[in-house]
Ligand SMILES: Nc1ncnc2c1ncn2[C@@H]1O[C@H](COP(=O)(O)OP(=O)(O)OP(=O)(O)O)[C@@H](O)[C@H]1O
Ligand SMILES: [Mg+2]
């Protein structure tokens, strides 16, 4: 799976931009503010349909313009060449495959990229949302159904919270939203848990493990940590738990259980005993960052096994944040798939890569 060419029109700071990419390592270099992250963002957009920066599509359109186009020449997982494009307007996005308007599912199935951004370095110690996003990004990358469930769940959660904040709702109305929330939520919990198990197989040789803490917490205990989870049973538990917490929710005015409250702990080996301990509590900054590199490596391998081809690796400014140990782990990973890296200068160890130099206008 590979990006062969990128063409931009009125995207961020670029009026027109065209570049070809090869299958190996490309470094995008240039002074601050020249558009390195914007290029990576455009490539990521082709892979996920969404920016890795906050805000909707209107921020992506060049100042003073009304429409942006991001177009990629892709070799898909079967090696087939396709052209995929996104047309972005202030409040709309359109997907095209080989020049024809297409649906999001078809578009997203063509090209996959794994972003590695500076904020990912805080995955272990930062807020749980970062860790949930790691799981959701991977799952959405292989299953459009998961992405659709997640977006429907978010809608239902918003509606249910709106109802709770009104406080004087009818019981029957809440019964409906409880069922919706539980059914969609159960689908998410079951998939996240399967993914964690899959990741753990890959992480074992790296002396790491992820521990999944689903919400409601009681689920793990009641269903047995080792057993297969069935979405119907999980949904039943969520409904029960929603009934138990109904009064508390009424007081607080929002939903207090469900996958929006899941968490993960990242466990690693810290000493010679071989025991795996919570990296957020015991790990040094360097150990935590190295563990994030290992997580990215597991993410790529897992996606490869699911998609039949390795996704492209897209690194924004991460290199300068890593110590020599983590860099030494990361560099061999680069040559396993197409890798595109942004940096102020070409980093040591990547001197023979293809370089795209950006300059101030
Ligand atoms: N919608 C937009 N229209 C025009 N310019 C924009 C838009 N959005 C962002 N920019 C500009 O794009 C420029 C490049 O941003 P980008 O983040 O890609 O820089 P960079 O090369 O990654 O810099 P750094 O090395 O500091 O990370 C910035 O000057 C920014 O103001
Ligand atoms: Mg940048």
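Across region 210-328, the relative contact order, built from alpha-carbon pairs under 8 Å that are at least six residues apart, equals 22 percent. Just for the chain, what percent of DSSP beta bridges are antiparallel, to the closest 5? The answer is about 70 percent antiparallel.
Relative to the longest principal axis of the Cα atoms of the chain, helix 324-334 runs at roughly 80 degrees.
Between 113, 79, 64, the Gaussian network model of the chain with springs among Cα atoms under 10 angstrom shows the greatest mean-square fluctuation at 64.
For the pair residue 22 and residue 169, label points projected 7 Å from Cα toward Cβ lie 5.8 nm apart.
Helix 231-244 and the longest principal axis of the C-alpha atoms of the chain enclose an angle of approximately 60°. Each residue, residue 104 and residue 143, gets one label point 7 Å from its Cα in the Cβ direction; the gap between the two is 1.7 nm. Short-range pairs are left out: with C-alpha atoms under 8 Å and at least six residues apart, the relative contact order of the chain is 25 percent. Computed on region 128-281, with alpha-carbon pairs under 8 angstrom and 6+ residues apart, the relative contact order is 31 percent.
So for 47, 57, fewest C-beta neighbours within 10 Å to most, what's the order?
57, 47
Compared with the dominant Cα axis of the chain, that is its longest principal axis, helix 128-142 is turned about 70°. Springs join every pair of Cα atoms under 10 Å in this Gaussian network model of the chain, and among 175, 156, 87 the largest mean-square fluctuation is at 175.
No value in this document is a laboratory result; all are computed from the given coordinates. These figures come from a predicted structure and were not determined experimentally. Here Cβ is always computed from backbone atoms with ideal geometry, including for glycine, and neighbour counts include all displayed protein chains.
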